[in-house]
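Asker: First the structure, which I've put down as structure tokens, then a few questions once you've had a look.
The values are calculated or read from the model by the stated rules, or taken from the named source; none is laboratory data. Note that the structure is a prediction, hence the values are computed from the model and not measured. All Cβ positions, glycine included, derive from the backbone under ideal geometry; neighbour counts span all protein chains shown.
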Amino acid sequence: MMNPVLRREAITTMRTWKTYGALVVFLAISAIGAGFFIYVSMFQNYDLSFDPSLMVYLYVVLAAVQMGLVLLTAPAIAAGSISGERERQTLDLLLVTKMRPISIVMGKMLSSLAYVLLLVVSTMPVFAIAFYFGSISMLHVLQLMAFVLCSACMVGAISVYFSCKFKKTIVSIVLMYLVIGVLCFGTLLLLAFVYLSSYQIFQGEVPLLTTIVILLPNPGVGFFSMIDAQLGSNITGSLLAYSDQTGPILVWAAEHMWLLNICFDAVITVLFIWLSARAIDPMRESKVKSKKVQKVSKGK
């Protein structure tokens, strides 16, 4: 059977004009970005001709815009999933049903991700511009969609947890954007600090393993690592520099940071879904109290 919360959210979400308004804005930004790129590319030549080989850069621009928009959109959608029910005073009605807390959390999260999936799939006609010139393949776009959705799952799971812990939706959204900022920019600042400290104190290079561990949670590094794997570029090469003496396992990890980032997203998603279910479980406090009473009785 389909999750009742997911079915209800899917019906109510598609009835509002805000859903289609956000979809139009999302597509407009992607289409305008593609048109602006083609326009600028034409004026790079004296005869106003167009170089089809530049379409590979259009794919990178569209992919980066889509990744950024999803990271900005997913928290706004998922952060109000539980706190919105609490503000409408309907959360208690959900908790007294036969549904388990994990089912409620999964239904809320999947409904948010379903809308994100709609946004991602709706940009396929824009990516078809790059298809026309043969610069990318369908496999590349499917890999991109899988990576973006994994990142959206991670962001959505943390947003739902914040929504369970805080009563106000705006608090959950702000905290989630802070987390995204730490993951995207905080890890880079930490790596720069480690590089600077290593040079000043040890007069040496930072081990590749340390760099990989620091950059592992960064969705931006994982994204550009996937672009490097697809196009044969070296965007992340300056961050993950390694010598010929580096072990093959670390070299493979440096060349496949996007796979490691997907694994990290999967672990974080499962962890925060479990924490969210515990946060709204009405029986958790009673279970904890009963365990304390049992321990006290056994002690006596």
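Asker: I need every pair where a residue in the range 207-231 that is in contact (Cβ under 8 Å) with a residue 60 or more places away in the chain has its Cβ under 7 Å from the Cβ of a residue that is of a type outside the set (A, V, I, L, M, F, W, C), sequence separation at least 6 or different chains.
Answerer: Pro219/Ser151; Pro219/Asn261; Gly222/Asn261; Met226/Gln143; Ile227/Ser233; Gln230/His140; Gln230/Gln143
Asker: Taking only pairs six or more apart or across chains, which ones have beta-carbon atoms under 6 Å, a first residue in the range 89-102 that is of a type outside the set (D, E, K, R), and a second residue that is outside any loop (DSSP other than H, G, I, E, B) and at pLDDT 80 or above?
Answerer: Partner pairs satisfying both residue conditions: Leu91/Glu85; Leu94/Ile104; Pro101/Ala277; Pro101/Ile280; Ile102/Ala277.
Asker: Follow-up question, since we're still on this one. Output yes when any residue across the range 221-228 is within 22 Å of the chain's Cα centre (by Cα), buried (at least 17 other Cβ atoms within 10 Å of the Cβ) and of a type in the set (Val, Ile, Thr), and no when none is. Walk me through it before giving the result.
Answerer: Keep residues of the range 221-228 that are within 22 Å of the chain's Cα centre (by Cα), which gives 221-228.
From what is left, the residues that are buried (at least 17 other Cβ atoms within 10 Å of the Cβ) are 221-228.
Checking the rest, the ones that are also of a type in the set (Val, Ile, Thr) come to 221, 227.
There is at least one residue in the range 221-228 that is within 22 Å of the chain's Cα centre (by Cα), buried (at least 17 other Cβ atoms within 10 Å of the Cβ) and of a type in the set (Val, Ile, Thr).
Asker: May I pose another question? For the range 91-134, enumerate the residues that are under 24 Å from Phe272 (Cα atoms), small (Gly, Ala, Ser) and surrounded by fewer than 18 Cβ atoms within 10 Å (Cβ to Cβ). Write out each step before concluding.
Answerer: Let us first name the residues in the range 91-134 that are under 24 Å from Phe272 (Cα atoms), namely 91-120.
Those left that are additionally small (Gly, Ala, Ser): 103, 107, 111-112, 114.
Ser103, Ala114 - these are the residues of the range 91-134 that are under 24 Å from Phe272 (Cα atoms), small (Gly, Ala, Ser) and surrounded by fewer than 18 Cβ atoms within 10 Å (Cβ to Cβ).
Asker: Among the residues of the range 37-55, is there at least one that is under 27 Å from Leu139 (Cα atoms) and at pLDDT 80 or above?
Answerer: Within the range 37-55, none of the residues are under 27 Å from Leu139 (Cα atoms) and at pLDDT 80 or above.
Asker: Given the options Ser122, Ser112, name the one that is touching a helix residue (DSSP H, G or I) at 6+ places or on another chain (Cβ under 8 Å), closer than 17 Å to Leu27 by Cα, of a type in the set (Ser, Thr, Tyr) and in contact (Cβ under 8 Å) with a residue 24 or more places away in the chain. Reasoning before the result, please.
Answerer: Numbers: Ser112 fails: closer than 17 Å to Leu27 by Cα.
Answer to the check: Ser122.
Asker: From the set of residues in the range 135-156 that are more than 30 Å from Ile273 (Cβ to Cβ) and touching a residue at least 60 places away in the same chain (Cβ under 8 Å), which is surrounded by the fewest Cβ atoms within 10 Å (Cβ to Cβ)?
Answerer: Step by step, filter the range 135-156, then rank; the result is Ser135.
Asker: Going by what's in this entry, would Arg88 be described as surrounded by fewer than 19 Cβ atoms within 10 Å (Cβ to Cβ), modelled with pLDDT of 75 or more and closer than 23 Å to Val121 by Cβ? Explain how you work it out, then say what you get.
Answerer: Working: surrounded by fewer than 19 Cβ atoms within 10 Å (Cβ to Cβ): yes; modelled with pLDDT of 75 or more: yes; closer than 23 Å to Val121 by Cβ: no.
For Arg88, the condition - surrounded by fewer than 19 Cβ atoms within 10 Å (Cβ to Cβ), modelled with pLDDT of 75 or more and closer than 23 Å to Val121 by Cβ - is not met.
Asker: Now for a separate question. Can you name every residue in the range 166-192 that is more than 30 Å from Thr236 (Cα to Cα) and of a type outside the set (D, E, K, R)? Give the steps one after another, and end with the answer.
Answerer: Applying the first criterion (more than 30 Å from Thr236 (Cα to Cα)) to the range 166-192 yields 166-172.
Matches in the range 166-192: Phe166, Thr169, Ile170, Val171, Ser172.
Asker: Considering each residue of the range 130-155, count those that are modelled with pLDDT under 90, in contact with a helix residue (DSSP H, G or I) (Cβ under 6 Å, 6 or more places away or on another chain) and not hydrophobic (A, V, I, L, M, F, W, C), and give that number.
Answerer: 2
Asker: Okay, next question. Starting from residues that are at pLDDT below 85 and among the hydrophobic types (A, V, I, L, M, F, W, C), keep the ones in the range 91-112 and report whichever is farthest from Tyr59 (Cα to Cα).
Answerer: Val96
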